[in-house]
Amino acid sequence: MGRVFLGLMLVSALALGGCIWDYDERPVAGDIVLLAIDGGDDYSLCQKTNSSSCSGLVNGAVVAVGASERYIAAARLPYDFHGVERPSDGGAQTIEYYVVDRAGQGARPTVLGPFTDHEFREQAERLSLPPLKVP
């Protein structure tokens with residue numbers, strides 16, 4: 001009976017060990033980070049709420065970011081909860097653009113967007129947004 005119990009404990013420990021998430025976190029500005037979970041390359045822009053949790057701002061497939069003292073600009077591929085949306089006709093993907101206003105750091109930032117390329121250029125000029133860079 002002791003061997004059976006020990007065997008069950010070992011199997012349980014190994015099973016639970018596989019549930020630990022692997023993640024990649026890249027600082028952007030202040031408490032804002034890019035986060036990819038389980039070794040994936042679909043980064044989300046989020047605000048760290050403590051050492052182990054993050055509140056989503058721009059979810060999934062963020063491909064470029066830029067940060068200034070007040071604003072964070074982000075570009076992402078269209079995304080749903082099943083992953084990156086691929087165009088059915090094989091054409092080029094549309095990029096969505098977002099602006100995160102960090103005024104009042106510590107409180108939840110305001111997320112503006114999605115913007116088209118043309119709309120984003122207008123916002124970039126009006127707000128003096130930082131240039132986008134691939135993380």
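The values are calculated or read from the model by the stated rules, or taken from the named source; none is laboratory data. It should be emphasised that the depicted structure is a prediction, and the values quoted were computed from it without experimental measurement. Positions of Cβ are backbone-derived with ideal geometry, glycine not excepted, and every protein chain shown enters the neighbour counts.
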>> Quick check on VAL111: is it under 16 Å from LYS133 (Cβ atoms) and at pLDDT 85 or above?
In response: no
> Residues of region 70-79 being more than 15 Å from LEU112 (Cα to Cα) and either among the small types (Gly, Ala, Ser) or touching a residue at least 24 places away in the same chain (Cβ under 8 Å) (or both), which ones?
Replying inline: TYR79
> Are there any pairs with C-beta distances below 7 angstrom linking a residue in region 21-42 that is farther than 15 Å from ASN59 by Cα and in contact (Cβ under 8 Å) with a residue 60 or more places away in the chain to a residue that is in a strand (DSSP E or B) and among the polar types (S, T, N, Q), with the two at least 6 apart or on different chains, and if so which?
Replying inline: GLY30/GLN105; ASP31/GLN47
> Which of the residues spanning region 113-122 are in contact with a strand residue (DSSP E or B) (Cβ under 8 Å, 6 or more places away or on another chain) and under 15 Å from VAL65 (Cα atoms)?
Replying inline: GLY113, PRO114, PHE115, ASP117, PHE120
